[in-house]
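Okay, structure first, notes after.
The values are calculated or read from the model by the stated rules, or taken from the named source; none is laboratory data. Computed from a predicted structure; not experimentally measured. Backbone-built Cβ (ideal geometry, glycine too); neighbour counts: all protein chains shown. Just the protein is used for accessible areas: all its heavy atoms, side chains included, with ligands, DNA and RNA removed. Shrake-Rupley method; radii C 1.70, N 1.55, O 1.52, S 1.80 Å.
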Amino acid sequence: MGTIKKSEVNGPGCRAVVWVQGCARACGSCFNPASWEFEINQLVSIDQVVELILSEPSHEGVTFSGGEPFWQATALAEVARQVKAHGLNVMSFSGFTLDELQSDRAPAGAHDLLQELDLLIDGPYVESQAINDPTSLVSSRNQKVRIFNEAMRDRLNWASDQIEIHILPDGSRIVTGYLGSLNPLSAEVAE
């Protein structure tokens, strides 16, 4: 669906963000409803995505978002393998829970993508459980931060309740992150 070369609200440090097209959940108050359709928006090769991620020397990693990244898990697992070979970390958001992603009913390639992740934010956004706290790592109380790489434990330093506005050369804008109202609650970090 799209990419941003430099973000600091979609995971730890400066990172690329890759949004994939397609999500069947249609969560209320979704920040990105344009990503729901499974119809191809942009068709980009794995090599092009890897090149974009590696083209910025300040990148610490990449975050997969959506839509639902696990509907394109096989391709994203290959992207993850290649960027990890260059020392970057890999994070993904998912509306699926970890249990669903580890089950036999998971989307094709889900197990392969899970093997490549350093961090996973799992669970759908639930508006009635919204956190809206500038110190929270997640947007709703049902979501969990899953740490698969212990070296990332001290990198849990982004905030879900922040936005970035990127103005592209053609004048179009990409707004990323999430901005709600302030209501201090904490995120649950799972292992």
**Report entry** Odd one out for residue 123 among (1) modelled with pLDDT under 95; (2) more than 15 Å from the chain's Cα centre (by Cα)
**Finding:** (2)
Report summary line: Checked against (1) open to solvent by 20 Å² or more (accessible area, probe 1.4 Å); (2) in contact (Cβ under 8 Å) with a residue 40 or more places away in the chain; (3) within 19 Å of residue 32 (Cα to Cα), residue 128 satisfies every condition except (2)
Query - Residues located in segment 61-93, provided they are under 19 Å from residue 156 (Cβ atoms) and at pLDDT below 95 - result: 63, 65, 93
Query - Residues of segment 98-125 satisfying the condition of being open to solvent by less than 50 Å² (accessible area, probe 1.4 Å), not hydrophobic (A, V, I, L, M, F, W, C) and not in a strand (DSSP E or B) - result: 103, 107, 109, 116, 118, 123, 124, 125
Report summary line: residue 42 vs (1) open to solvent by 70 Å² or more (accessible area, probe 1.4 Å); (2) in contact with a Gly (Cβ under 9 Å, 6 or more places away or on another chain); (3) within 22 Å of residue 131 (Cβ to Cβ): all pass except (3)
Requested in this report: Filter segment 1-13 down to the residues that are modelled with pLDDT of 80 or more and assigned to a loop (DSSP other than H, G, I, E, B), then identify the one that is most open to solvent (accessible area, probe 1.4 Å).
Outcome: 13
Report task. Identify all residues within segment 133-158 that are open to solvent by less than 30 Å² (accessible area, probe 1.4 Å), under 25 Å from residue 6 (Cβ atoms), touching an Asp or Glu at 6+ places or on another chain (Cβ under 8 Å) and at pLDDT below 90; write none if there are none. Result -> 133, 136, 138, 139, 158
Requested in this report: Can you confirm whether segment 14-21 contains a residue that is open to solvent by 70 Å² or more (accessible area, probe 1.4 Å) and either charged (D, E, K, R) or in contact (Cβ under 8 Å) with a residue 24 or more places away in the chain (or both)?
Outcome: no
Query raised in the report: Can you tell me which residues in segment 85-97 are touching a strand residue (DSSP E or B) at 6+ places or on another chain (Cβ under 6 Å) and either farther than 21 Å from residue 17 by Cβ or open to solvent by 50 Å² or more (accessible area, probe 1.4 Å) (or both)?
Result: 93, 97
